[in-house]
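Take a look at the structure below.
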């Protein structure tokens, strides 16, 4: 018989398959990590925006109703409010005797915490004086922090006597 050659089998070796699987696994883990950080950053911004809107509403209510309004980083309104490092609760009050619609205690979602950058008594308290919604000369700076350490905190600043609110990534 003539010398018959067996056809060579085509395909990948086990080593080639393992290398490709390792590369895919690394890419998937990097993508998963950045997706997690992105979701946590979105949650942080959502919670910070919730606080900003409540502060802006307190300011607006002081102007519209000609009654003082307050925001405190504690469960109760107090000029001596010093929030704990793991504070998730803040209180807003406006209207007649603090019973206006929307007044009450709020809890931040997703285990996000809200703290004052200063630790002095009253650093967790903000008051708007009617009818112009003015605050004391220096407004508070509050830090909003995610439980995910990879996400940078956001800062809520109340600017001077006007009491305007800004949200940013720097103190």
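The values are calculated or read from the model by the stated rules, or taken from the named source; none is laboratory data. Predicted model only: the values in this text are computed from it and were never measured. Here Cβ is always computed from backbone atoms with ideal geometry, including for glycine, and neighbour counts include all displayed protein chains.
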Would you pick out the residues in the range 125-156 that are modelled with pLDDT under 85 and either under 16 Å from residue 54 (Cβ atoms) or in a strand (DSSP E or B) (or both)? 139
Would you mind stating whether residue 69 is more than 20 Å from residue 157 (Cα to Cα) and touching a strand residue (DSSP E or B) at 6+ places or on another chain (Cβ under 7 Å)? no
For residue 82, work out the one condition from (1) within 26 Å of residue 44 (Cβ to Cβ); (2) at pLDDT 80 or above; (3) assigned to a loop (DSSP other than H, G, I, E, B) it doesn't fulfil. (2)
What residue, of 20, 39, 53, is without any contact (Cβ under 8 Å) to a residue 12 or more places away in the chain, closer than 18 Å to residue 105 by Cβ and surrounded by 10 or more Cβ atoms within 10 Å (Cβ to Cβ)? 53
Over the range 88-115, the set of residues buried (at least 20 other Cβ atoms within 10 Å of the Cβ), at pLDDT 85 or above and farther than 13 Å from residue 48 by Cα is 91, 92, 93
Among (1) in contact with a strand residue (DSSP E or B) (Cβ under 9 Å, 6 or more places away or on another chain); (2) in a helix (DSSP H, G or I); (3) more than 14 Å from residue 128 (Cα to Cα), residue 75 falls short only on (2)
